[in-house]
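Structure record follows, encoded as structure tokens.
The values are calculated or read from the model by the stated rules, or taken from the named source; none is laboratory data. Keep in mind it's a predicted model, so treat the numbers as computed, not measured. Cβ coordinates were reconstructed from backbone atoms using ideal geometry, including for glycine residues, and neighbour counts include every protein chain displayed.
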Amino acid sequence: MINAVADMAKLAPTAASTTQSQTAVAPVNSNQKSGPSQPPSAAGIQNDTVSISSAAHAAQLEAGETPVQTAQEARSGDLQAQRLLAKEAAAQRTQK
């Protein structure tokens, strides 16, 4: 289940304070060259890890299948592959 985040300051006060301090604009003298901006330091940034369910992983693998793999699975009795091939054949007939 996905839950909405109500207040980002409650979850990551260090990230909120870092963002606020980075938004301050320093005055630029007319004789200074404007160079590329430097990325913020990665020391204060936290990385999140995400894990997907086995069903989502299986769906991801199915989406990355080649047409040859789909045809082989359909011949071996995979109903999902048979439905996909039938759908693709119907789409080709309507395009002609």
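If T70 meets every condition in (1) loosely packed, with under 10 Cβ neighbours inside 10 Å; (2) polar (S, T, N, Q); (3) modelled with pLDDT under 95 apart from one, which number is that one? T70 satisfies every listed condition except (1). When the range 42-67 is filtered for residues that are surrounded by 10 or more Cβ atoms within 10 Å (Cβ to Cβ) and under 15 Å from E88 (Cα atoms), the ones remaining, listed by number, are E65, P67.
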